[in-house]
Amino acid sequence: MATTESFHDLLRVPAGAVDLGDIDPHGKPGFDDDKAAGEAALAELGPELAELQEQLFAERTTDSKRRILLVLQGMDTSGKGGVLRHAVGLADPQGVRITSFKAPTEEELEHDFLWRIRNAVPSPGYIGVFDRSHYEDVLIGRVRELVKPAEIEKRYDAINAFEQKLADDGVTLVKCMLHISADEQKERLLARLDDPTKYWKFNPGDIDERAQWPAYQQAYETAIERTNTETAPWHVVPADRRWYRNLAVARLLVEALQGLDLAWPAADFDIEEQKARLEDEAPLT
């Protein structure tokens with residue numbers, strides 16, 4: 001059974017220092033039932049999410065600037081792709097824009113780290129999703145020492161300023177760190193190696209990154225603490241249970257859309273006049 005408390009409140013990271021060790025990656029805050037019930041609850045969210053997304057999309061006709069940006073961050077195998085299929089996939093794909101950020105291209109490296117991010121911000125009316133994001137530049141950039149520590153410090157402030165500007169321009173940010181345990185990640189990597197249909201998803205470099213697990217956890221804690229603002233708060237989503245992860249992100253999306261107090265745009269024409277035109281039209285055949 002789901003709690004009446006919002007997932008936004010349950011999963012939001014409090015202000016101050018962050019210790020991921022205090023958050024159970026196998027937990028299921030706000031849901032006391034089992035996997036079958038969780039999957040059913042996710043399916044039940046589908047119609048509401050779809051209708052809210054359509055209302056947001058319809059608002060474009062009123063010159064509204066409002067849109068949603070879902071930021072998904074997490075270690076390898078934490079389930080960003082699963083969230084896209086099972087949670088975001090409940091919405092009409094024509095109103096969703098997904099951007100998967102890989103290693104920057106030569107062109108992108110010629111600009112500041114936020115250049116490619118700005119170019120992918122969703123247009124009004126859309127739900128935008130960043131599969132990885134600008135946070136890679138303060139995570140892998142810090143762990144792999146790709147830039148100097150002083151530059152990493154500047155990037156936290158640049159991210160906060162960027163996200164504030166997005167919010168001022170009508171963007172509601174939903175930032176989710178998919179929190180997976182090291183043991184669960186190991187099981188998922190091994191499962192890929194045991195399944196020929198999953199070989200394409202395996203990258204030997206994932207094991208190299210896994211060796212840096214403590215450093216990545218610290219990088220996440222610092223990044224979350226430094227960019228956890230009232231405008232763009234962080235949510236840590238336990239991700240060891242795939243079904244709970246999907247349900248939680250879907251709930252966060254629904255709550256964000258509900259918070260916009262959306263309504264269908266009113267007609268900007270005379271409804272009765274248009275009905276009369278149709279009723280009085282000459283035969284078309």
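The values are calculated or read from the model by the stated rules, or taken from the named source; none is laboratory data. Everything quoted here is computed from the prediction, not taken from an experiment. When we count neighbours, we look across all protein chains shown, and the Cβ atoms used for this are built from the backbone with ideal geometry, even at glycine. The protein model used for the area step is the full one, side chains on, heavy atoms only, and it has no ligands, DNA or RNA in it. Shrake-Rupley method; radii C 1.70, N 1.55, O 1.52, S 1.80 Å.
Listed values, structure above:
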| quantity | calculated |
| --- | --- |
| Condition check for LYS102: open to solvent by 30 Å² or more (accessible area, probe 1.4 Å), out of contact with any Phe, Trp or Tyr (no Cβ under 9 Å at 6 or more places or on another chain), among the basic types (Lys, Arg) and farther than 23 Å from GLU225 by Cα | yes |
| Some residue of the range 120-138 being open to solvent by 10 Å² or more (accessible area, probe 1.4 Å), within 26 Å of ARG210 (Cβ to Cβ), among the β-branched types (Val, Ile, Thr) and in contact with an Asp or Glu (Cβ under 9 Å, 6 or more places away or on another chain) | no |
| Within the range 1-110, helices (runs of 4 or more DSSP H) holding 1 or more residues that are touching a His at 6+ places or on another chain (Cβ under 6 Å) | 7-11 |
| Which listed residue is in contact with a helix residue (DSSP H, G or I) (Cβ under 9 Å, 6 or more places away or on another chain) and at pLDDT below 95, from ASP240, ASP268 | ASP268 |
| Hits in the range 105-119 (condition: closer than 15 Å to ARG67 by Cα and either touching a Lys or Arg at 6+ places or on another chain (Cβ under 8 Å) or open to solvent by less than 40 Å² (accessible area, probe 1.4 Å) (or both)) | none |
| Residues being within 28 Å of ALA215 (Cβ to Cβ) and of a type in the set (A, V, I, L, M, F, W, C) - total across the range 1-59 | 7 |
| Those residues of the range 28-46 which are under 20 Å from VAL174 (Cα atoms) and not hydrophobic (A, V, I, L, M, F, W, C), in sequence order | LYS28, PRO29, GLY30, GLY46 |
| Residue match in the range 160-178 (condition: farther than 30 Å from GLU59 by Cβ and of a type outside the set (A, V, I, L, M)) | no |
| Selection count where residues are crowded, with 21+ Cβ neighbours inside 10 Å and in contact with a helix residue (DSSP H, G or I) (Cβ under 8 Å, 6 or more places away or on another chain), scope the range 53-73 | 8 |
